[in-house]
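Q: So that we are looking at the same thing, I have put the structure below in structure tokens.
The values are calculated or read from the model by the stated rules, or taken from the named source; none is laboratory data. Computed from a prediction, not measured in an experiment: that's the story for all the values here. Cβ placement follows ideal geometry from the backbone for every residue including glycine, while neighbour counts extend to all protein chains displayed. To get the accessible areas, we keep the full protein, side chains included, count just its heavy atoms, and leave off ligands, DNA and RNA. Shrake-Rupley method; radii C 1.70, N 1.55, O 1.52, S 1.80 Å.
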Amino acid sequence: MALDTANTISVRTMNMIQALNSALDVSLAHDPDTLIFGEDVGYFGGVFRVTDKLQEKYGLTRCFDTPISEGGIIATAIGMGAYGLRPVVEIQFADYILPAYDQLVSEAARLRYRSNGQFWAPITVRSPYGGGIFGGQTHSQSPEAIFAHITGLKTVIPSNPYDAKGLLIAAIECDDPVIFLEPKRLYNGPFEGRPDAQVKTWAGHPMAEVPEGRYTVPLGKAATVREGNDVTVLAYGTMVHVALSAIEETGIDAELIDLRSIVPLDIDAIVASVKKTGRCLIVHEASKYAGFGGELSALVQERCFYHLKSAVRRVGGWDTPYPHAFEWDYFPGPSRIVPALRACLED
Amino acid sequence: MLNIPRLQLHVPEPPARPGDPVSFDHIDIPAAGAVRRPDTAAREEDMRDLPYTLIRVLDDEGRAVGPWDPKLDPAVLLKGLRAMLMTRLFDDRMFRAHRQGKTSFYMKSTGEEAIGAAQSLVLGAGDMSFPTYRMSAWLMARDYPLLDMVNQIFSNADDPLHGKQLPILTSARDYGFYSISGNLGSRFGHAVGWAMASAYKGDDKIAIGYVGDGTTAEGGVHEAMTFASVYRAPAILCITNNQWAISSYSGFAGAEATTFAARAIAYGLPGLRVDGNDFLAVWAATQWAADRARTNHGTTVIELFTYRAEGHSTSDDPTKYRPADEASHWPLGDPIARLKQHLIAIGEWDEARHEALVAELTETIRVAVKAGEAVGTLGKSKPDVRHMFEGIFKEPDWRHIEQRNEMGI
């Protein structure tokens, strides 16, 4: 990581909302060409409070509300980006990004390529994603695979406050379009996929100790959350915490890798770990079929085939729309991960 | 740079934020009865004044005046009042139920009850509405079973949607109430397509679609209006302008520059702008548009000018982004109070009967909520989990069969 040591003396416990707010604050202060817009992000500070007080601090034209038009938000961000600004836009829920999909796929992802480098759009699209808040089918989905499939978009998913801030600053400073998916169930605390357990806050978690100033966590570098020898578990976002809890429940000596970004993907870290353990379990919250786990599974098979001692396995959400009343039946919690972990070792 | 003032980025700001004095003086309100009523077969180009005025029937004394007075039978007015009151009282009860943890989410229609109630009664059983989440009054006016509504909101074992959708985002085909989604504007085009299908089949059914002021910014709204115009779809496309989209006032949907009804002009569609808190005006404008649609004169756009008197949902606190007393200053009043005043003015109602009606509806709601609680509230009861895998396709594919087996259900 690149620490700007002059500014990082002060460290404070932050939840993920505060860490993201700090990243935006630092970025607005650092670069006058950075600006924020999206639905309800201005005066109100965002429905999840991620842009709280930024309009007050930086003025009306640097953090402002928009019409309810996801396509319009992304299209104007691309235009601003092409002019030379660095827009950071919010799509209020990732479930609502689809009207902007054409702008992301046909425009943001390809502008640099088709103009042969004459134009590009260094935009960052922040969006809360994932379930666990009884949000029903339009406030719960995990759409990362539909972005990962599009060459030209980077897709970043933090799992803790420290990474969230460092990755968001890196995304903003990146000259390519970045989809930045925020696991909303982790905003206020780590979540282990056990809805009946007492709710945890970030207080006391080592990754909630966040420098006040500017630092970056590079895109495309995975983090080894837990070292182990018997099976590699690949996860990102909310599922990092859920997988860790499942691993601890089994007592299996698993190596847990938090991918942190799925494009660019830290393929070297994945391959090194699977070659060491010989086994691989992939966990994501999105529906399993054609999910990003399918790509990970294929990559592991292609690159580690002769090291594998068992079939690569995937645990994901069921292949249904996100069902409101059945949230915890749908969610791939420890009760589904634990048997999958054991099955990896039994082959 | 040229020797002229530098460009400035304009970002709209509402007239008042928390702590500011409230004023609605900038809103131009013509007198009740002042707006002309064209023939339903009139040419669109001859009524381009209508999107810029405000159709009103009820005056300040509660009298029905002017050419848009639908001259309704008092029994119909009472039916409307009942539906509006039921909606208001039910909303209050369900909002409390959310605070008590009995449901995950709720959205009130407060201040907008005249719209759903009047339009539900104007349109026929074969017509279809494509509602927003602030249209419960439509169902109340058609005597939708209250217990079904409670069970859906509690996501319990008797939820008629089997736990698949958020509370209040319901679906009631037999009541002319199309499935609601949280996505905004995505069903406006469905209303047009449904209307086109009725025309294709040579039927007499029409469709009525809804978006809010904020949602007019979505591309789907403009696509729908284009198709409505091109195919002269027998539809009514309503824009419920309640001034607020969560924390964003209507200026963020373009209201600084023009009216929402005036959007119709660019598509060659008639645009009516109506006092949405006036049950009679909503009725009359909807009847006009329905008659026009049923006689092959195509789609009318109606802006229902109203005010969202409560927060967006149980998830926001409106005092954080607008003055706490703004709702009480709304110059077009409360739709329930205005219809009540009218009924009293024509000698069909009085305070005692009104109080008795409130008591009766409160008791009806209490009984329904109790029955719903007996089935169970959120998390205490839920539909059979096998429903999770049903209705994805008409028949399940192997994934759903395998995953059901994996769950042991």
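Q: Out of the stretch A:114-149, which residues are assigned to a helix (DSSP H, G or I) and away from every other protein chain (no Cβ under 14 Å)? Walk me through how you get there before you give the answer.
A: Taking the stretch A:114-149 as the starting set, the residues that turn out to be assigned to a helix (DSSP H, G or I) are A:114, A:136-138, A:144-148.
The answer is A:ARG114, A:GLU144, A:ALA145, A:ILE146, A:PHE147, A:ALA148.
Q: Consider the stretch B:134-183. How many of its residues are within 19 Å of B:GLU390 (Cα to Cα), of a type in the set (Lys, Arg) and touching a residue at least 60 places away in the same chain (Cβ under 8 Å)?
A: Residues in the stretch B:134-183 being within 19 Å of B:GLU390 (Cα to Cα), of a type in the set (Lys, Arg) and touching a residue at least 60 places away in the same chain (Cβ under 8 Å): 1 in total.
Q: Of these, A:ALA208, A:ALA197, which one is in the same structural domain as A:THR155 (by TED's automatic domain parsing), touching a Phe, Trp or Tyr at 6+ places or on another chain (Cβ under 8 Å) and farther than 23 Å from A:LEU153 by Cβ? Full working, then the answer.
A: Working: A:ALA197 fails: touching a Phe, Trp or Tyr at 6+ places or on another chain (Cβ under 8 Å).
Going through A:ALA208, A:ALA197 in turn, the sole match is A:ALA208.
Q: With the structure loaded, tell me whether A:THR224 is over 11 Å from the mean Cα position of the chain (by Cα) and hydroxyl-bearing (Ser, Thr, Tyr) or whether it fails that test.
A: Spelling it out, A:THR224 is indeed over 11 Å from the mean Cα position of the chain (by Cα) and hydroxyl-bearing (Ser, Thr, Tyr).
Q: So, in the stretch A:297-332, how many residues would count as being more than 12 Å from every other protein chain (Cβ to nearest Cβ) and either in contact with a His (Cβ under 9 Å, 6 or more places away or on another chain) or more than 14 Å from A:ARG279 (Cβ to Cβ) (or both)?
A: To start, the set of residues in the stretch A:297-332 that are more than 12 Å from every other protein chain (Cβ to nearest Cβ) comprises A:297-314.
With the extra rule that they be either in contact with a His (Cβ under 9 Å, 6 or more places away or on another chain) or more than 14 Å from A:ARG279 (Cβ to Cβ) (or both), the set shrinks to A:298-299, A:302-303, A:314.
Residues flagged as more than 12 Å from every other protein chain (Cβ to nearest Cβ) and either in contact with a His (Cβ under 9 Å, 6 or more places away or on another chain) or more than 14 Å from A:ARG279 (Cβ to Cβ) (or both) within the stretch A:297-332 amount to 5.
Q: Say we look at the stretch A:209-235 and pick out the residues that are among the small types (Gly, Ala, Ser) and not in a loop (DSSP other than H, G, I, E, B); which of these is least open to solvent (accessible area, probe 1.4 Å)?
A: We begin by selecting, within the stretch A:209-235, every residue among the small types (Gly, Ala, Ser); these are A:213, A:220, A:222-223, A:228, A:235.
Among the residues that remain, those that are also not in a loop (DSSP other than H, G, I, E, B) are: A:223, A:235.
Numbers: A:ALA223: 24, A:ALA235: 0 Å².
Within the stretch A:209-235, the match that is least open to solvent (accessible area, probe 1.4 Å) is A:ALA235.
Q: On to the next question. Please give the helices (runs of 4 or more DSSP H) falling wholly within the stretch A:247-347 in which 1 or more residues are farther than 27 Å from B:ARG404 by Cβ and modelled with pLDDT of 95 or more. Write out each step before concluding.
A: Working: elements: A:267-277, A:292-304, A:327-330, A:334-346.
Because the criterion is at least 1 residues that are farther than 27 Å from B:ARG404 by Cβ and modelled with pLDDT of 95 or more, the helices (runs of 4 or more DSSP H) in the stretch A:247-347 that meet it are A:267-277, A:292-304.
Q: Restricting attention to the stretch B:284-298, does a residue exist that is within 30 Å of B:LYS205 (Cα to Cα), in contact with a Phe, Trp or Tyr (Cβ under 9 Å, 6 or more places away or on another chain) and of a type in the set (A, V, I, L, M)? Before you say what the answer is, go through the steps one by one.
A: So the first thing to find is which residues in the stretch B:284-298 are within 30 Å of B:LYS205 (Cα to Cα), and the list is B:284-298.
Of the ones still in play, those that are also in contact with a Phe, Trp or Tyr (Cβ under 9 Å, 6 or more places away or on another chain) are B:284-285, B:288, B:298.
Now restrict to residues that are of a type in the set (A, V, I, L, M): B:284-285.
Yes - at least one qualifying residue is present in the stretch B:284-298.
Q: Something else now. In this structure, does B:LYS205 turn out to be open to solvent by 40 Å² or more (accessible area, probe 1.4 Å), within 11 Å of another protein chain (Cβ to nearest Cβ), in contact (Cβ under 8 Å) with a residue 12 or more places away in the chain and assigned to a loop (DSSP other than H, G, I, E, B)? First the steps, then the outcome.
A: Details: open to solvent by 40 Å² or more (accessible area, probe 1.4 Å): yes; within 11 Å of another protein chain (Cβ to nearest Cβ): no; in contact (Cβ under 8 Å) with a residue 12 or more places away in the chain: yes; assigned to a loop (DSSP other than H, G, I, E, B): yes.
No: the conditions fail for B:LYS205.
Q: Could you go through the stretch B:65-76 and let me know if any residue there is open to solvent by less than 30 Å² (accessible area, probe 1.4 Å) and either touching a His at 6+ places or on another chain (Cβ under 7 Å) or more than 30 Å from B:LEU147 (Cβ to Cβ) (or both). Don't jump to the end; show me each part of the working.
A: Step one: of the stretch B:65-76, the residues open to solvent by less than 30 Å² (accessible area, probe 1.4 Å) are B:68.
The next check asks that each one be either touching a His at 6+ places or on another chain (Cβ under 7 Å) or more than 30 Å from B:LEU147 (Cβ to Cβ) (or both); those that pass are B:68.
Yes: one or more hits.
Q: If you don't mind, another one. When the residues of the stretch B:363-409 are filtered to those that are among the polar types (S, T, N, Q) and touching a helix residue (DSSP H, G or I) at 6+ places or on another chain (Cβ under 6 Å), which remaining residue is nearest to the other protein chains (Cβ to nearest Cβ)? Quick ask: steps written out before the conclusion?
A: Quick first cut of the stretch B:363-409, residues among the polar types (S, T, N, Q) only: B:364, B:377, B:381, B:403, B:405.
Next cut, touching a helix residue (DSSP H, G or I) at 6+ places or on another chain (Cβ under 6 Å) only: B:377, B:381.
Details: B:THR377: 11, B:SER381: 9 Å.
Result: B:SER381.
Q: May I ask you to list the residues in the stretch A:258-282 that are open to solvent by less than 10 Å² (accessible area, probe 1.4 Å) and over 14 Å from the mean Cα position of the chain (by Cα)?
A: A:ILE270, A:SER273, A:VAL274, A:THR277, A:GLY278, A:CYS280, A:LEU281, A:ILE282
Q: Right, A:ASP25: acidic (Asp, Glu), in the same structural domain as A:ILE91 (by TED's automatic domain parsing) and open to solvent by less than 20 Å² (accessible area, probe 1.4 Å) or not?
A: Values: acidic (Asp, Glu): yes; in the same structural domain as A:ILE91 (by TED's automatic domain parsing): yes; open to solvent by less than 20 Å² (accessible area, probe 1.4 Å): no.
When the stated conditions are applied, A:ASP25 does not pass them.
Q: Next question, about the same structure. Can B:PHE95 be described as among the aromatic types (Phe, Trp, Tyr), open to solvent by less than 10 Å² (accessible area, probe 1.4 Å) and within 29 Å of A:PRO323 (Cβ to Cβ)? So that I can check it myself, show each step before the final result.
A: Working: among the aromatic types (Phe, Trp, Tyr): yes; open to solvent by less than 10 Å² (accessible area, probe 1.4 Å): no; within 29 Å of A:PRO323 (Cβ to Cβ): yes.
Judged against the criteria, B:PHE95 is not a match.
Q: Taking only pairs six or more apart or across chains, which ones have beta-carbon atoms under 7 Å, a first residue in the stretch B:61-84 that is more than 15 Å from B:VAL122 (Cβ to Cβ), and a second residue that is surrounded by fewer than 21 Cβ atoms within 10 Å (Cβ to Cβ) and among the acidic types (Asp, Glu)?
A: If the second residue must be surrounded by fewer than 21 Cβ atoms within 10 Å (Cβ to Cβ) and among the acidic types (Asp, Glu), the pairs left are B:VAL65/B:ASP59; B:PRO74/B:GLU348.
Q: Now for a separate question. Run B:ILE180 past the list (1) in a loop (DSSP other than H, G, I, E, B); (2) open to solvent by 20 Å² or more (accessible area, probe 1.4 Å); (3) within 27 Å of A:GLU39 (Cα to Cα) and report the number of the one that doesn't hold.
A: All conditions are met except number (2).
Q: Check B:ARG48, B:ARG17, B:ARG88 and return the single one that is surrounded by 17 or more Cβ atoms within 10 Å (Cβ to Cβ) and in contact (Cβ under 8 Å) with a residue 24 or more places away in the chain.
A: Numbers: B:ARG48 fails: surrounded by 17 or more Cβ atoms within 10 Å (Cβ to Cβ); B:ARG17 fails: surrounded by 17 or more Cβ atoms within 10 Å (Cβ to Cβ).
The unique qualifying residue is B:ARG88.
Q: Taking B:ASN183 as meeting all but one of (1) modelled with pLDDT of 95 or more; (2) under 30 Å from A:GLN103 (Cβ atoms), write down the number of the exception.
A: (1)
Q: Out of (1) within 30 Å of B:GLY19 (Cβ to Cβ); (2) open to solvent by 40 Å² or more (accessible area, probe 1.4 Å), what's the single condition that is false for A:GLU39?
A: Tallying (1) within 30 Å of B:GLY19 (Cβ to Cβ); (2) open to solvent by 40 Å² or more (accessible area, probe 1.4 Å), A:GLU39 fails exactly one: (2).
Q: Do you know which residues across the stretch A:139-178 are open to solvent by 10 Å² or more (accessible area, probe 1.4 Å), closer than 15 Å to A:ARG126 by Cα and either free of Cβ contacts under 8 Å to residues at least 12 places away in the same chain or of a type in the set (Ser, Thr, Tyr) (or both)?
A: Of everything in the stretch A:139-178, just one residue is open to solvent by 10 Å² or more (accessible area, probe 1.4 Å), closer than 15 Å to A:ARG126 by Cα and either free of Cβ contacts under 8 Å to residues at least 12 places away in the same chain or of a type in the set (Ser, Thr, Tyr) (or both), namely A:SER142.
Q: Which one of the conditions (1) in contact with a strand residue (DSSP E or B) (Cβ under 8 Å, 6 or more places away or on another chain); (2) in contact (Cβ under 8 Å) with a residue 60 or more places away in the chain does B:ALA327 fail to meet, given that it meets all the rest?
A: (1)
Q: For the stretch B:214-231, name all the residues that are more than 9 Å from chain A (Cβ to nearest Cβ), open to solvent by less than 10 Å² (accessible area, probe 1.4 Å) and either farther than 20 Å from B:PHE177 by Cα or in contact with a strand residue (DSSP E or B) (Cβ under 6 Å, 6 or more places away or on another chain) (or both). Full working, then the answer.
A: Looking only at the stretch B:214-231, we keep the residues that are more than 9 Å from chain A (Cβ to nearest Cβ), and these are B:221-231.
After this cut, where a residue has to be open to solvent by less than 10 Å² (accessible area, probe 1.4 Å) as well, the list is B:221, B:224-225, B:228.
If the condition is that a residue be more than 9 Å from chain A (Cβ to nearest Cβ), open to solvent by less than 10 Å² (accessible area, probe 1.4 Å) and either farther than 20 Å from B:PHE177 by Cα or in contact with a strand residue (DSSP E or B) (Cβ under 6 Å, 6 or more places away or on another chain) (or both), then B:VAL221, B:MET225, B:ALA228 are the ones that fit.
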